[in-house]
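This report refers to the structure that appears directly beneath it.
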């Protein structure tokens, strides 16, 4: 069963996983967790995250693994119709 959490909580959990990892001799321990954003459920989760542009060279696969494991464990709470419409309208302004 997945844990329902906010964007802030999911990001904090990914940061905790990054900070506690010993992958690569702690080479990636100072990388920042990416910020999750909502997507239509894709069979795994209802959110995803892009790797931060500030990630260190060589840490890409590690960060992708952190994102993938968090997506298996967490989902964002359901949105109200008003929140969904607001998200759709705000995403149209980006283009």
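Any read-out appearing in this document is the output of simple, stated calculations on the displayed coordinates, not a laboratory observation. As the structure is a computational prediction, the values presented were derived from the model and not from experiment. Note: ideal-geometry Cβ built from the backbone for every residue, glycine included; neighbour counts use all protein chains shown.
Helix 60-73 and the longest principal axis of the C-alpha atoms of the chain enclose an angle of approximately 50°.
Computing P(r) over Cα pairs in 10 Å bins from 0, in percent directly from the structure and comparing it against (1) 13, 26, 30, 19, 9, 3, 0; (2) 19, 58, 23, 1; (3) 15, 44, 29, 10, 1 singles out (3).
As a length-normalised measure over Cα pairs under 8 Å and 6 or more apart, the relative contact order of the chain settles at 33 percent. Taking the longest Cα principal axis of the chain as reference, the axis of helix 7-20 is set at about 10 degrees.
Simple spin-label estimate for residue 9 and residue 90 gives 1.9 nm between the two label positions (7 Å along the Cα-to-Cβ direction from each Cα).
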